[in-house]
Amino acid sequence: MRKGQKKIAVINYGAGNLGSVVNALTRLGYQPLVTDSVFEVLKADVVFLPGVGAAGDTMKGLEAIGMADAVKKLVAWRRPLFAICVGLQVLLSSTEEGGHYQCMDIIPGEVKKLPAGLKIPHMGWNQVKQVMSHPVFTDIPDNTNFYFIHSYYAHPQDKSVVAGTTEYGLEFCSMIIKDNLFATQFHPEKSGEPGLKMYSNFLKIASS
Amino acid sequence: MLTKRIIPCLDVTAGRVVKGTSFTNLRDAGDPVEQAAFYYQEGADELVFLDIGATPEARDTMVEVVRRVSKKVFVPLCVGGGLRSISDMRRMLMAGADKVSINTAAVHKPELLKEGAAIFGRQCMVLAVDAKRTRGKDEPGWEVCTHGGRKLTGIDALEWIKQAVEMGAGEILLTSWDADGHQAGYDNELNRTVSEMVNVPVIASGGAGTLEHLYQALAIGKADAVLAASIFHYREYSIKQVKQYLAGKGIPIRN
């Protein structure tokens, strides 16, 4: 499918880094639709769920516009979905952030605070070890640096969904792949050329 | 392992990149968008834009610069200079900045850090501190300067930084007033004291003139990132050269 024909929706729930995600997709030659409409999101061929900030606020923002249910539907339908940072965290069952907060429970597991003793947030470029062989890593060498900025990390129960891990006080899950669901703790849209490559690989997979 | 960040700083006024000595005597050069794209291609880990004009008209120009840069540059962008309110910060973030740095406004109204952190997240809130050494005491000390380094406040810099982190600052952009613009090395006593005192990342700024200076800020100053303007702006060193040098000295660097 030619670039531009594919319907790409970027979910707008009133927060997050959606401008950066849109800029990255535009650079790759796509024309994403930024939308808060469940109807538009369910109609799209490919969906991005951006995220920056607190998981609780993100969940509230998504629920307020009925988007949490829409995301669950997309996953059930195996619609290609890419979730970023807090967008990844809200896929899990619950988070420790702000006490305890129920999340979407698409990926069973907890979101926990990074261990004490290190600077928080974990901010900057760190290596992603590829623990899964997958075409989304095409032309991206193992242990490539990606840009992180977060204080909590995902701990999925089912280790078979872990696609990448990163070391910061402990080895945590920095990337999840399950069927057509892709989620990164890091920000590909802020990770230079390897980040753009990852989005481009994902979009290729999504259109095949 | 988390790598140390190399951050070129672009001092911008009226839409043009400038660079000065101790905050005055500016020399003009360069289009900010072109400069930013160049640094991105060279491997900068992040970019900082400081609007040193910071008049209302200049701010509109800056918003436009940020908007254009964010379409070309896919590493984090931090913007500061003259941001006085939540709505000023929001404009920059909406235009494509990932972080905003505040200095004078935070000193006058520390609640801005708290409000900003609550709305945009702590990771967006960078506290910029211009610290000037206080003389005539046995203990090393620093005082906060505001208004682009022109005004001494009498506020203890270490106490202020501690308070600001409690209020919501997620990162410290630490400029040595004494060292800035002289290319004679960072104030690494300041860098190390602050880096060991707070639990958020510290960007060392002010004084880079050689590759060794950058190494010292990371190794001795314990900074998480180094910021420099002149050495990159005047092409004394390329970012690639800096990274090769630091990697050779055992500093974890993104290649």
*Enter the accessible area of B:S85 (Å², nearest 10), with the probe set to 1.4 Å and all protein chains included.*
40 Å²
*asked:* Quick check on the stretch A:78-161: take the gyration tensor over C-alpha atoms, sort the square-rooted eigenvalues as a ≥ b ≥ c, and tell me if it's rounded (a/c under 1.5), prolate or oblate.
replied: oblate
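Using Cα pairs closer than 8 Å and at least 6 residues apart in sequence, work out the relative contact order for chain A, in percent. Can you show the working numbers first?
On the way: 446 pairs, mean separation 38.3, N = 208.
Here the relative contact order equals 18 percent.
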_With unit charges on the beta carbons (Lys and Arg positive, Asp and Glu negative) and the dipole taken about the Cα centre of the stretch B:52-101, which residue among B:V75, B:A58, B:A95 sits farthest to the positive side?_
B:V75
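Once the other residues with Cβ under 12 Å from the Cβ of B:L83 are scored (Lys, Arg +1; Asp, Glu -1), what is the net sum?
Numbers: positive: B:R59, B:R84, B:R90, B:R91, B:K99, B:K109; negative: B:D51, B:D88.
Around B:L83, the charge tally is +4.
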*Putting +1 on Lys and Arg Cβ atoms and -1 on Asp and Glu Cβ atoms, find which of A:V161, A:P121, A:L28 reaches farthest to the positive end of the dipole of the stretch A:8-207.*
A:L28
*Go through A:H100, B:H233, A:H155 and list them by solvent-accessible area, largest first, probe radius 1.4 Å.*
A:H100, A:H155, B:H233
*asked:* Could you identify which residue out of B:I203, B:I231, B:I102 has the top mean-square fluctuation in a GNM of chain B using Cα springs shorter than 10 Å?
replied: B:I231
*Using unit Cβ charges (K, R positive; D, E negative) and no other charged atoms, how large, in debye to the nearest 20, is the dipole of chain B about its Cα centre?*
440 debye
_Which residue, B:T175, B:V194, B:A229, has the largest displacement toward the positive end of the dipole of the stretch B:107-255 when charges sit on each Cβ (Lys, Arg +1; Asp, Glu -1)?_
B:A229
*Heads up, I need the accessible area for A:Y147: 1.4 angstrom probe, whole protein in place, Å², nearest 10.*
10 Å²
*Only counting protein heavy atoms at a 1.4 Å probe, give the residues of the stretch A:123-137, ordered by number, whose accessible area falls by 40 Å² or more when the other protein chains are present relative to the chain alone.*
A:M123, A:W125
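Decide, for the stretch A:98-208, between rounded, prolate and oblate: order the square roots of the alpha carbon gyration tensor eigenvalues as a ≥ b ≥ c, take rounded if a/c falls under 1.5, and otherwise choose prolate if a/b is larger than b/c, else oblate. Walk me through the numbers on the way to the answer.
Values: a/c = 1.91, a/b = 1.30, b/c = 1.47.
Since a/c reaches 1.5 but b/c is at least a/b, the shape of the stretch A:98-208 is classed as oblate.
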*Rounded accessible area of B:V100 (nearest 10 Å², 1.4 Å probe)*: 0 Å²
*In debye to the nearest 20, how big a dipole does the stretch A:8-207 give about its Cα centre with +1 on each Lys and Arg Cβ and -1 on each Asp and Glu Cβ?*
200 debye
*Report the charge-dipole magnitude of the protein assembly as shown in Debye, nearest 20, computed about the Cα centre from +1 at each Lys and Arg Cβ and -1 at each Asp and Glu Cβ.*
1080 debye
*asked:* Rounded to the nearest percent, how much of the accessible area of the stretch B:109-173 (1.4 Å probe, protein heavy atoms only) is carbon and sulfur?
replied: 49 percent
*Can you pull out the buried accessible area for chains A and B, both sides counted, probe 1.4 Å, rounded to the nearest 100 Å²?*
2300 Å²
*asked:* Taking the solvent-accessible surface of protein heavy atoms with a 1.4 Å probe, what is the per residue accessible area of the protein assembly as shown in Å²?
replied: 39 Å²
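The values are calculated or read from the model by the stated rules, or taken from the named source; none is laboratory data. Bear in mind that the values here come from a model prediction, so they are computed numbers and not experimental data. For neighbour counting, all protein chains shown are included, and Cβ atoms are generated from backbone atoms with ideal geometry for every residue, glycine included. Please note that ligands, DNA and RNA were not included when accessible areas were found on the heavy atoms of the full protein model with its side chains. Shrake-Rupley method; radii C 1.70, N 1.55, O 1.52, S 1.80 Å.
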